[in-house]
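Okay, structure first, notes after.
Nothing in this text is a laboratory measurement; each read-out follows from the coordinates by a stated rule. Being a predicted model, the structure only gives us computed values, none of them experimental. Note that we place each Cβ from the backbone using ideal geometry, even for glycine, and neighbour counts take in every protein chain shown.
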Amino acid sequence: MRANVASYDVVAPETLAEALTLLADEPGVWTPMAGGTDLMVLFEAGKLPTGRYLSIHGLPELRGITVDDDAVTIGALTTYSEIRDHAVINADLPMLAQAARETGALAIQNRGTLGGNIANASPAADSPPALVAYGAELTLVSAAGTRTVPYRGFHTGYKQMDLRPGELIHSIRVPRRPASEGWVHFYRKVGTRAYQAISKVCFAACARLSDGGVAEVRVGFGSVAPTVLIASALEAALTGARLDDAGLEAAVAAAARHEVAAIDDIRSTARYRTQVSENLAVAFLHALRAGG
Amino acid sequence: MGKYVGQSVPRKEGVDKVTGRSLYVDDIVLDGMIHGITVRSSVPRGKILGVRFDPGVPWDEFVIVTAKDIPGRNVVAMLIEDQPFLADDVIRHPDEPVLLLAHPDKHVLAEAREHVHIDVEPLPAVFAIEDALRADTVLFGDDNVFKRFDVSKGDVDAAFARDDVVIVEGTYETGAQEQMYIEPMGMIAVAAPGQGVTVWGSLQCPYYVHKALKPLFDLPAEQVRVVQTVTGGGFGGKEEYPSIIAGHAALLSWKAGGVPVKLIYDRAEDLAATTKRHPSRTRHRTAVTRDGELVAMDVDFALDGGAYATLSAVVLSRGTIHACGPYRCPNARVVARAVATNHPPHGAFRGFGAPQSIFGLERHMDKIARTLGIAPEELRRRNLLATGDTTATSQVIEEAIDLGAMLDDALSQAGWAEKKAAFAAHNADPANTVKKGMGLATFFHGSGFTGSGEVYLASVVGIEAGPGGRCTVLAASTEIGQGTNTIFSQIAADALRLPYELVEVAQPDTARVPDSGPTVASRTTMVVGRLVQDAAESLIHTLRDAGLLGADYSAEQFAAAVDAYRERFGTLRVYSKYKQPPGIVWDDKHYRGAAYAAYGWAAYIAEVEVDTLTYAARVTDFVAVQDIGTLINPLLAAGQVEGGVAQAIGWAVYEGVDWRDGHMANNQMTNYIIPTAADVPPIRVYFHSVPFKYGPSGAKGVGELPMDGPAPAILNAIEDAIGVSLNRAPALPEDIMEAMLAASSQSEAHHG
């Protein structure tokens, strides 16, 4: 352990109200800490900035999964294990269950949270592409009140997001996408090994098929841009398209290649990420044809 | 076979390990102990101008050691004395130790280290083997060559001039590989003038550390004591580097006036600073008849030794001797060189140079087969060494081996013919984006030290009989997870005709055990195990000669005899010493003769899937057929094969060191990817056991053999699956993509 634990101050409030008051009273002082699965890696390496951390992991108001007819609402502190094992999520939002299953090891899944995954804002996170593809909404809470924003657009730049000082992510509302209504789900996480790998490319797409065509489609990429990427060009190429259109394959490939902004880093190359993004977009089209 | 040899008896230390009772070095706390840390260079090469300490840190609370504090000689005693314990004026790699700090509170050390600055005037650095060979920048001697070996057999040039041969050429490369033992390295030292030096730690070779500490402190042998603590894996990685950590911990303790100092590496430091498998480059030029008979092999083999010579010469030696493989070829030439670069020194890792040269050869054998239109298994079958044939070093194979039968067995277990046909049909369908393939390798691995090495080592093993007839094996061979304690106890119990429970193995401690040589080179079972057997038999003779033991005896009668002997003479302890088997003649000057007393032999087959969307290769089945002589403990032997294959799967398709200016940039387990259980297929292990006359109960070595064959077999299988040749291990998805794209643009150009 390269960090000196004496240089850190951690406070763990018992209620959400208490936490929000602390954040409001001393703006910019506190860094919220949920499961800590990202922060503790930095801590071990001696790279976590010293200072004051607000442990919100125990706040009961931010936990749990509720289901209504249209959507599943997931408390920000719901763990990957809870998401992975949830029956309705597995049935109607299988990409979220799969993302949870493929994030880290079991110990990380027991500790890491969906809200933490969003707020850590890593472009390599595995859940955000699925949230983009499902058109999720975030409820944000502060001492001043609550507001709801679409997840698409929440991340504004590398590690930047539409989260105001004093604000915490309260919950994530995800519209249900049952197969019975024509929804097709396609998720691929690409790491160098089968499990316990950080994504080099992550692809999540969800489309509603109707009458041989694509009625509605949303696609998110991970690890190919400074933030989770909303694949608007790919969505545009597919929306309203006929699946038997012979030119569709080339259009899909070109759109994917055009819109990813991948880089070389310690885990992979820009060339690899771009090529695999294109391959997965085409594989998604093939899956739509097979499922349509 | 005795009562225990040949049985999968439980591990001696197994229960302690799985219940957490074993104490690893970081579990040990001594009174008044303080903690050490290492300050390293950050540039690959340069002149040290000075060291600066930032103000604001209470430096008077720290013990600070530099090269100036060394009481003896600042050199790590190994083969060539070129590596300092602490760099004094020149930096030769980016993780070189320069200064040591110690403090009672371990939590303040990492931050304090950030406040020490080593000012360096950079010098041009060299990282690639070919650049080192070109010697535009000279790092070592006048040509950067640490060591060169030449092997010559027959007349290679005349053979290449024949008009009935096809000449096949190829170049093959392998990358560095981290041992990734589960326990990072560490040491505790107590050292003070007048009191000598004692170290406890995670290590493979107690007498190597002992040898290194004597000149460092200018002390006689009896004032240096090295004790191995329970060790969480080594794989060669703890062969030489522990000498440096032991020296560092001891230097801090010495300067602190004898206070115990603990120096433990975290994973990031262990990955960046300690030795890895040597990167390699092998060029093959082979003359072969059209029906596949090898006529001449011309091999140029090169290793990146890193910044200091360390063990590179011996790693190179093993790679050289294995470079022509288990094939009959009348004419052979191998030119082998280990070169200096500005990487941290590369070192021992399971296989020790053989996996590198065998990788080149077994990929090249597939290329020859493809060139001639002969099936790869058939090409090998036509050239396999048999009893009475000679190797490239002109050693006559006297073991009764049948490698062809092992190959046939492997082909049949793998379902080779049926699967090859099914995969070809599967791959032809463009709708199948996951392609399948199979590949094989046939190979051998010499057991024990090369040539006259064992004679020079002159290993000694003792057995002591104590109260109640309890016997203790005294050897410097270490248990590092591979089963030394268990194997030695089985061999001794059978030789003594005593229950397994009455035999134990002493903790390796240079104050108590004789030098039975290093725990390396697949020698522990075959060479040291035989000495255990000899010592045990000699102990029985001693009791019989004293008239205390009859021809047949019970454990109780043995105990009574021991008690009587001890009463009369004091201690009952006997030693055995290594004797070279007859007919082992090795010419070190010409690199010719019997390189090893015995070899392990093997035929391995890998089955892979390559996902053409993600370019990831996954091993889906693995068949490992080998002859390692008599099995002392079948479960442990199979475990060695499974572990070796898994480690080689990592080397083949997962593990890439990301070098940046000579420093490992991905020095975290998150970014240096080793396979997990989800990436390793069922490994199907089969033994053909031909006893080796001079091994204990006929056993040979096993530890390294399984590391040699899998990587080329896997890359052969990848080529079978996708029709694209990859000639560098590891073949990461990025590499496979580049090779596939290059092949498809070439074929478009060709057809277009």
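At a glance:
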quantity	calculated
Simple Cβ-charge dipole of segment A:1-141, Lys/Arg +1 and Asp/Glu -1, about Cα centre, in debye nearest 20	620
Distance from segment B:314-331 to segment A:204-245 (C-alpha centre basis), Å	56
³J(HN,Hα), Karplus 6.51/-1.76/1.60, whole Hz, each residue of segment A:216-232, x for Gly, Pro	7, 8, 10, 9, x, 10, x, 6, 10, 7, x, 9, 4, 9, 8, 7, 5
Sequence of B:Met78, B:Met187 once ranked by neighbouring C-beta atoms within 10 Å, starting from the fewest	B:Met78, B:Met187
For chain A, built as a Gaussian network whose Cα springs stay under 10 Å, the top-fluctuating residue of A:Gly116, A:Gly145, A:Gly182	A:Gly145
Inverse mean reciprocal Cα-Cα distance (Kirkwood Rh) of segment B:268-373, Å	14.5
Alpha-carbon radius of gyration plus Dmax, which is the widest Cα pair, for the protein assembly as shown in Å	31.4, 101
Computed lengthening from B:Arg544 to B:Met669, 0.36 nm per intervening residue step minus Cα-Cα distance	39.3 nm
Shielding by other protein chains, A:186-194, mean Cβ within 10 Å	5
Estimated vicinal HN-Hα couplings, Hz - segment B:546-555 in sequence order (Karplus 6.51, -1.76, 1.60; Gly, Pro = x)	7, x, 9, 9, x, 5, 10, 7, 8, 4
Geometric extent, Cα atoms of chain B - Rg, Dmax (angstrom)	26.6, 94
For residues of A:278-286, the mean tally of beta carbons on other chains within 10 Å	2
Greater than 32 Å apart at Cα, pairs in B:Lys589/B:Lys700; A:Lys47/A:Lys189; B:Lys238/B:Lys367	B:Lys238/B:Lys367
Linear extension gain, B:Gln413 paired with B:Lys577, 0.36 nm per residue minus alpha-carbon span	54.8 nm
Residue-by-residue Karplus 3J(HN,Hα) for segment B:177-191, coefficients 6.51, -1.76, 1.60, Hz, glycine and proline x	9, 8, 5, 6, 4, 6, 9, x, 6, x, 8, 10, 10, 10, 8
Efficiency of FRET from Cβ geometry, B:Ala560 and B:Thr390, R₀ 60 Å, rounded to 0.05	0.65
Between segment A:1-52 and segment B:182-204, the alpha-carbon center distance in angstrom	38
FRET efficiency for A:Ala105 and B:Asp552, using Cβ-Cβ distance with R0 set to 56 Å, rounded to 0.05	0.50
Gain in span if fully extended, B:Asp54 to B:Arg370, counting 0.36 nm per residue against the direct Cα distance	107.4 nm
Peptide B:669-676, shielding by other chains (average Cβ, 10 Å cutoff)	4
Between segment A:102-154 and segment B:404-419, the alpha-carbon center distance in angstrom	51
Proxy reagent accessibility, fewest Cβ within 10 Å first, across B:Lys3, B:Lys435	B:Lys3, B:Lys435
Reach of B:Lys255 by Cα under 16 Å, taken over aspartates and glutamates that are not fewer than 8 positions away in the same chain	B:Asp60, B:Glu61, B:Asp69, B:Asp218
Rounded FRET efficiency, nearest 0.05, which uses the C-beta distance separating B:Val585 from B:Lys68 and R0 of 56 Å	0.70
Assigned charges on the beta-carbon of Lys, Arg, Asp, Glu; the protein assembly as shown dipole about Cα centre (debye)	1000
Relative contact order (%) - chain A, alpha-carbon pairs under 8 angstrom, separation at least six	15
Residues B:Asp409, B:Asp534, B:Asp366 arranged by fewest to most Cβ contacts within 10 Å	B:Asp409, B:Asp534, B:Asp366
Projected label distance in nm at B:Asp266 and B:Leu79, using a 7 Å step from Cα toward the beta-carbon	3.5
Cβ-based charge dipole, chain B, positive-most Cα from B:Val197, B:Leu548, B:Ala617	B:Leu548
Relative contact order [Cα under 8 Å, 6+ residues apart], chain B, whole percent	16
Proximal aspartates and glutamates to B:Lys579, defined as alpha-carbon separation beneath 16 angstrom and excluding residues fewer than eight positions away on the same chain	B:Glu454, B:Asp515, B:Asp534, B:Glu537
